[in-house]
Amino acid sequence: MIRFENVSVTYDGAAEPTVQGVDFEVPEGELVLLVGPSGVGKSTVLGAVSGLVPHFTGGTLRGRVTVAGRDTRTHKPRELADVVGTVGQDPLSHFVTDTVEDELAYGMESLGLAPDVMRRRVEETLDLLGLADLRDRPIATLSGGQQQRVAIGSVLTPHPRVLVLDEPTSALDPAAAEEVLAVLQRLVHDLGTTVLMAEHRLERVVQYADQVALLPAPGSAPVLGTPAEIMAVSPVYPPVVALGRLADWSPLPLTVRDARRRAGGLRERLAGRDGTRDTPPATPAPAGPVPEPVLPASPRWRLRKRPAPAPTPAPPAEVRDLAVRRDRVQALRHVDLTVAPGETVALMGRNGAGKSTLLSALVGLVEPSAGSVRAGGLVPHRTAPPELVRRVGLVPQEPRDLLYADTVAAECEAADRDANAAPGTCRALVTELLPGVTDDTHPRDLSEGQRLALALAVVLTARPPLLLLDEPTRGLDYAAKARLVTVLRGLAAEGHAIVLATHDVELAAELVHRVVLLADGEVIADGPTADVVVASPSFAPQVTKILAPQKWLTVAQVRQALA
């Protein structure tokens with residue numbers, strides 16, 4: 001169905017091809033997973049299938065890509081639209097209408113389908129993706145994960161023979177991701193749809209793939225094989241595979257179920273240990289005032305004039321009985337949250353639970369309809385931006401919102417100036433988070449994960465006491481995520497408070513002190529990471545599920561215990 005014949009792509013101004021030697025076939029009715037580190041060209045390979053590369057992106061494509069017999073060099077994207085449905089990393093760039101129902105119908109209207117067919121397919125897709133309650137909602141009012149489901153639905157309704165998906169579960173909560181992947185499985189198995197998908201969260205998808213195509217490095221030829229074969233040699237792999245490598249299991253397990261069947265011996269070796277006790281997170285500084293010592297009841301103490309206590313510094317974040325209403329939707333209600341210096345907190349919950357709204361309230365982008373919000377003692381929505389940026393920094397879901405210069409070097413120079421930081425401060429952070437990216441690279445030429453890392457470096461340059469991150473691992477491979485964890489741990493150790501909204505349960509297990517679960521705008525759980533995620537079937541990391549009832553969160557904890 002999809003055939004790559006010795007394909008290479010070189011973008012204008014680039015000295016070397018972004019991808020080369022791409023030569024493999026995706027048979028009809030198979031799901032092929034494209035994997036590799038950030039920036040190796042996965043999105044370029046996907047774009048070549050839909051014709052976006054090179055017709056939209058520019059550059060030179062050598063070799064040949066055919067889809068259902070059509071050569072993408074001679075067929076532009078609109079001439080492939082009846083065969084190929086594409087969802088990119090940024091769903092906002094995908095939308096052409098204002099409401100959910102209209103967006104689901106638009107592709108079918110463009111193809112001239114009959115109204116009764118359109119109506120039936122819209123209803124089917126609303127049910128398939130759990131969007132029925134959102135059918136009349138303006139797309140602009142949806143959460144990032146809800147928008148991603150709408151984008152996927154809009155390419156399903158025309159019933160394309162080929163689906164090309166770039167990070168389709170990156171903004172989805174675990175339950176929604178399972179629903180989307182179940183739909184894709186049904187399309188592949190029951191309807192013979194061909195799916196080519198790139199995804200960094202391999203723990204969610206690798207077990208569903210018929211084949212895996214690995215791009216090991218920029219410009220290198222892909223390696224094709226079964227999921228087990230590729231995971232044995234891949235530089236990127238999920239925690240279940242990491243645990244299998246550590247325990248020397250062969251063949252490597254790809255699912256929690258397979259790993260649990262082999263984990264008896266490992267549990268025996270770990271008996272009597274508990275990962276949640278062995279490697280506790282650093283205890284943050286207390287959020288409230290320290291109680292005064294009880295003084296002895298002697299006349300000398302009663303007569304001595306006691307000095308006034310020193311003023312207690314305001315916590316980096318303090319939310320009391322917060323309610324926020326956005327476009328007729330009650331986004332938050334009765335939310336209480338205090339974050340101490342040095343504490344790292346994850347906001348988790350299903351798409352639309354209110355996580356991004358809470359971050360927006362902390363940085364002053366939305367005004368409370370009731371209750372109070374303070375960041376470093378300031379009321380965010382009433383504080384001038386130049387004053388506020390010294391107290392709180394936000395890295396949004398769409399990092400391009402923070403990037404406006406023509407080169408990485410110019411972005412870094414501007415960040416240094418805005419933060420009154422020493423020249424080179426931002427560039428040093430970029431080098432730590434994005435090794436190998438040159439100064440003259442345009443931010444738009446970076447992958448989604450690389451842009452996120454650049455935006456994070458820009459915000460970190462000001463070293464705000466309170467750092468807010470919205471889905472900080474979208475588009476990041478496991479190595480990039482590990483570098484991010486190292487940076488954030490260092491900031492927390494220096495006293496920075498960090499609040500991140502995330503669906504990445506593996507990140508929460510690795511990094512955060514506390515997890516705050518939200519549902520329908522309310523806090524339903526708030527406690528130490530191990531207590532909250534171990535008790536949740538949806539938010540438990542893979543290692544926890546494999547080694548239960550023992551309480552382990554990460555492969556690193558298991559490795560430390562075995563050593």
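The values are calculated or read from the model by the stated rules, or taken from the named source; none is laboratory data. In this text, all values refer to a predicted model and were calculated from it rather than measured experimentally. Neighbour counts run over all protein chains shown; Cβ positions are idealised from the backbone, glycine included. Surface areas here come from the heavy atoms of the whole protein model, side chains and all, with no ligands, DNA or RNA. Shrake-Rupley method; radii C 1.70, N 1.55, O 1.52, S 1.80 Å.
What is the magnitude of the charge dipole of the chain about its Cα centre, with +1 placed on the Cβ of each Lys and Arg, -1 on the Cβ of each Asp and Glu, and no other charges, expressed in debye to the nearest 20?
It comes to approximately 2140 debye.
How many Å² of accessible area per residue for segment 1-121, probe 1.4 Å?
Solvent-accessible surface per residue comes out at 45 Å².
Can you spot the lysines whose alpha carbon is less than 28 Å from residue 355's alpha carbon? Ignore those fewer than 8 places along the same chain.
481, 545, 551
Please go through segment 434-516 and write out the GluC sites (Glu not before Pro) that DSSP classes as loop and that have at most 13 other C-beta atoms within 10 Å.
Those that pass, being in a loop and sparsely packed, are 494.
If you find the alpha carbon centre of segment 420-479 and of segment 381-403, how far apart are they in angstrom?
15
Leaving ligands and nucleic acids out of the surface, order 369, 220 by accessible area at 1.4 Å, largest first.
369, 220
For residue 365, what accessible area in Å² do you get when you roll a 1.4 Å probe over the heavy atoms of the protein chains, rounding to the nearest 10?
Only protein atoms counted, so the area is about 120 Å².
Which of 421, 536, 465 sits farthest toward the positive end of the charge dipole of segment 405-558, with +1 on the Cβ of Lys and Arg and -1 on the Cβ of Asp and Glu?
Value: 536.
Which residues among segment 350-372 fall inside the zone where the amide N is under 14 Å from a point 7 Å beyond the Cα of residue 381, along Cα→Cβ?
357-372, by backbone N distance to the label point.
Relative contact order for the chain: what percent, with Cα pairs under 8 Å and sequence separation of 6 or more?
That works out to 15 percent.
Stretch residue 190-residue 486 to full length: gain in nm at 0.36 nm per residue minus the Cα-Cα span?
Gain on extension, residue 190 to residue 486, equals 102.1 nm.
Where nothing but the Cβ of Lys and Arg (+1) and of Asp and Glu (-1) is charged, how large is the charge dipole of segment 79-189 around its Cα centre, in debye to the nearest 20?
Using Cβ point charges on Lys, Arg, Asp and Glu, segment 79-189 gives about 220 debye.
What number, in nm² with one decimal, is the all-direction average of the projected area of the convex hull of the alpha-carbon atoms of segment 189-240?
The directionally averaged projection comes out at 4.1 nm².
Would you mind calculating the gained length between residue 124 and residue 326 on full extension (0.36 nm times residue separation, minus the Cα-Cα distance), in nm to one decimal?
69.9 nm
Within segment 359-380, find all residues whose amide N lies under 20 Å from a label point positioned 7 Å from the Cα of residue 520 along Cα-to-beta-carbon.
It comes to 369-370, nothing else.
With every protein chain kept in the model, how would you rank 99, 438 by accessible area, 1.4 Å probe, largest at the top?
438, 99
Quick one: with all protein chains in place, what share of the accessible area of the chain is carbon or sulfur, to the nearest percent (1.4 Å probe)?
Carbon and sulfur together cover 51 percent of it.
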